[in-house]
């Protein structure tokens, strides 16, 4: 399996200080991969800067200019959670460019899968507004680019970040060429992602939200993927699978209340890989979103790479293990049944 990653130190220019989404995240991932991960088996790619017309496939030009001007003046804040530093505009353009580079490498058959290890993250960024730590919507920009440059007709975007990707949903809500599936914590930031949000007009049914109650763990995610995600993607038959990869659903991450383990993330990666092998010749593009516990983030990214390279799930080490408490997990059967009925998956 030919697997690569996109990275550049330009992403560290997005200086957010001690904000949860800070430079330590990528530094921790890169150190861990170099020290313990399957480093020698991965192909490294450098991103090119995303041109303004590419970013404008998703974002309003006046908003793009607003971010540029704010950075040029030394920085500021788009809202209480979303910081712009002097280097953020460059970093954000290279983050979108990193996701585009991943698409190019996969579609042009240099790699089977590529993981864009980029920041700032993107899936909350709306057409005219950055929010939720996100400036430009990297995965959406890269998907739009793939549709335009390569003439693709069907792309599936799977988002397993614990927060709903409201920006990605907005971008493709009326676009029948993109199937967007999100698993996220219900009633959590940003408050979108209800099951009734299924797509507009002729794209009805192409937006699948799976708002899970707090305390869901590996078993609940396996059920959701097996009964909803897999059949929905198989029916859609995408030519490319793209993934918003957020690792904040781990039980040790402080920004949410889910109970996934590293093994759970490996399980999700394995299901997606098998899906890609079946429906789109193994083509997968991943772009980093959330994940704020540095130990978890590093280990989960490594586990994802191992799965992409063909390691058996049972052979992937999980030093953190399961949540070290006896806790009751929620029964999601009714929710799963409701979503299957809405999307004719039963």
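Observations on the structure shown:
- All positions within region 20-45 that are more than 20 Å from residue 114 (Cβ to Cβ), in contact (Cβ under 8 Å) with a residue 24 or more places away in the chain and either part of a helix (DSSP H, G or I) or over 19 Å from the mean Cα position of the chain (by Cα) (or both): 24, 28, 31, 36
- Considering residues of region 34-57 that are in contact with a strand residue (DSSP E or B) (Cβ under 9 Å, 6 or more places away or on another chain) and at pLDDT 95 or above only, the residue nearest to residue 127 (Cα to Cα): 47
- Residue 84 in contact (Cβ under 8 Å) with a residue 40 or more places away in the chain, over 18 Å from residue 2 (Cα atoms), assigned to a strand (DSSP E or B) and touching a helix residue (DSSP H, G or I) at 6+ places or on another chain (Cβ under 6 Å): yes
- Scanning region 226-246 for residues that are more than 16 Å from residue 344 (Cβ to Cβ) and either surrounded by fewer than 23 Cβ atoms within 10 Å (Cβ to Cβ) or modelled with pLDDT under 95 (or both) turns up 226, 239.
- Among the residues making up region 231-258, a single one is in a helix (DSSP H, G or I) and under 17 Å from the mean Cα position of the chain (by Cα): 233.
- The listed residue being at negative phi and within 19 Å of the chain's Cα centre (by Cα), out of 202, 223, 194: 194
- Residue check for residue 122: over 19 Å from residue 55 (Cα atoms) and not in a helix (DSSP H, G or I): no
- In region 46-60, the residues that are in contact (Cβ under 8 Å) with a residue 60 or more places away in the chain and under 20 Å from the mean Cα position of the chain (by Cα): 47, 50, 54, 55, 57, 58, 59
- Number of positions in region 168-217 that are free of Cβ contacts under 8 Å to residues at least 60 places away in the same chain and in a helix (DSSP H, G or I): 6
- You will find that of 291, 310, 321, the residue that is buried (at least 20 other Cβ atoms within 10 Å of the Cβ), part of a loop (DSSP other than H, G, I, E, B) and on the phi > 0 side of the Ramachandran plot is 291 and no other.
- Considering residues of region 76-114 that are surrounded by 24 or more Cβ atoms within 10 Å (Cβ to Cβ) and more than 21 Å from residue 51 (Cβ to Cβ) only, the residue farthest from the chain's Cα centre (by Cα): 111
- Hey, residue 17 surrounded by fewer than 17 Cβ atoms within 10 Å (Cβ to Cβ), outside any helix (DSSP H, G or I) and in contact with a helix residue (DSSP H, G or I) (Cβ under 6 Å, 6 or more places away or on another chain) or not: no
- Residue check, residue 64 in contact (Cβ under 8 Å) with a residue 12 or more places away in the chain, surrounded by 24 or more Cβ atoms within 10 Å (Cβ to Cβ) and over 15 Å from the mean Cα position of the chain (by Cα): no
- Only one of the numbered conditions (1) without any contact (Cβ under 8 Å) to a residue 60 or more places away in the chain; (2) farther than 21 Å from residue 226 by Cα; (3) outside any loop (DSSP other than H, G, I, E, B); (4) in contact with a strand residue (DSSP E or B) (Cβ under 7 Å, 6 or more places away or on another chain) is violated by residue 114, and that is (1).
The values are calculated or read from the model by the stated rules, or taken from the named source; none is laboratory data. Worth saying up front: this structure is predicted, and the values here are computed from it rather than measured. Quick reminder, even Gly has a Cβ in these numbers, built from the backbone with ideal geometry, and neighbours come from all protein chains shown.
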